[in-house]
Amino acid sequence: MAQYMNDEWVDLLSGEPDDEALETLRALLVRGLRYTLSSRVNSNLDALVEDFTQEALLKILDKLDSFRGESQFTTWAQKIAVRVALTELRRKRWKDTSLDALTTSADGTSILEPAILSDPGPTPEDQTSQQGMIHLVQKMIAEELTERQRQAIVAVMLQGKPMDVVATELNTNRNALYKLIHDARLRLKRKLSEAGITADEVLATFG
Amino acid sequence: MSKFIQSVKQLIARILGQSSNTEDQKVELVKGLMGALELTQEVELGCDEVFEVIDKYAEAVVQGVDTRELMPLVYHHIEMCGECREELEMLLEMIELEAA
């Protein structure tokens, strides 16, 4: 198999891609995807590998200008293939296992209301008890976070939805979603600090 | 009938990996959230910034470099973000395959 230096890869793939370089890259991606996906998917491995390789090649050619040469070109190309494959797989897995239809009633309301979003009610007498801590966190979530931050935290941390899926649902992207949740975590951490308590102390009450 | 509905809810909750007991659900979220708050830093990279350098980071990992020291913000993001962690793991598998 042909081996190229970084500059050669970029030159050969720019404009009208060189057939041999393109085929070499394709073979590399197919081999890597087949090897890594074999333990991650149960069926249609060859078809998935083919689809992901094709999509990754298009993205790689499209993004050639952004390759800064800080890694091997092949590693850079492989990271794009990994992102393509895992993003699609996560969406597919969630779609296959999602029980949204079962957990949502005909009028669109959730049957399994996230309990953490319910009204925290009156403050328990012993505020250092588990109940007291739950109440404190519920109150902070209700009062400190925006509706969007609450939706994001519940979907990712409680329902375990993939970030890519939640990002699509919230009409945003994964990067912005991460930052939304980061802002929410920072806000809650500061509020805890103002209350004179650390996350570690809250955790300690649960043993 | 209500017993049937309760059973269905419990089944759904079990499939979702959650307890139908709302108190348990609250405890789990509080514990998960507090664990995340413990690791929360004022400055954190987003997934896009990490994606920009994940190839360089992966090669450093393969070379045995102390990435926590060399690229602390990327290291931290990898700790916090399951998606980016999974992508790094898969990329490392690919690099190791080619090196074998």
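In segment A:102-109, the condition of being part of a helix (DSSP H, G or I) and modelled with pLDDT under 95 is met by at least one residue. The residues of segment B:63-83 that are more than 9 Å from chain A (Cβ to nearest Cβ) and part of a helix (DSSP H, G or I), listed by number, are B:Thr67, B:Arg68, B:Glu69, B:Leu70, B:Pro72, B:Leu73, B:Val74, B:Tyr75, B:His76, B:Ile78, B:Glu79.
Looking at B:Glu28, B:Glu23, B:Glu98, B:Glu79, can you tell me which residue is at pLDDT 95 or above and among the acidic types (Asp, Glu)?
After ruling out the rest, the residue left standing is B:Glu79.
Within segment A:145-199, if we keep just the residues that are outside any helix (DSSP H, G or I), within 19 Å of B:Glu42 (Cβ to Cβ) and more than 9 Å from chain B (Cβ to nearest Cβ), the residue that is nearest to the chain's Cα centre (by Cα) turns out to be A:Leu145. Quick check on A:Val41: is it at the interface with chain B (Cβ under 10 Å from one of its Cβ atoms), in contact (Cβ under 8 Å) with a residue 24 or more places away in the chain and aliphatic (A, V, I, L, M)? No; evaluated as a whole, the condition is false for this residue.
For (1) crowded, with 18+ Cβ neighbours inside 10 Å; (2) hydrophobic (A, V, I, L, M, F, W, C); (3) closer than 18 Å to A:Gln78 by Cα, each residue gets a yes or a no:
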| site | (1), (2), (3) |
| --- | --- |
| B:Val43 | no, yes, no |
| B:Gly46 | yes, no, no |
| B:Glu52 | no, no, yes |
| B:Tyr57 | yes, no, yes |
| B:Gln63 | no, no, yes |
| B:Arg68 | no, no, no |
| B:Met71 | yes, yes, no |
| B:His77 | yes, no, no |
| B:Met80 | yes, yes, no |
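The values are calculated or read from the model by the stated rules, or taken from the named source; none is laboratory data. Not measured: the values here are computed from a predicted model. Here Cβ is always computed from backbone atoms with ideal geometry, including for glycine, and neighbour counts include all displayed protein chains.
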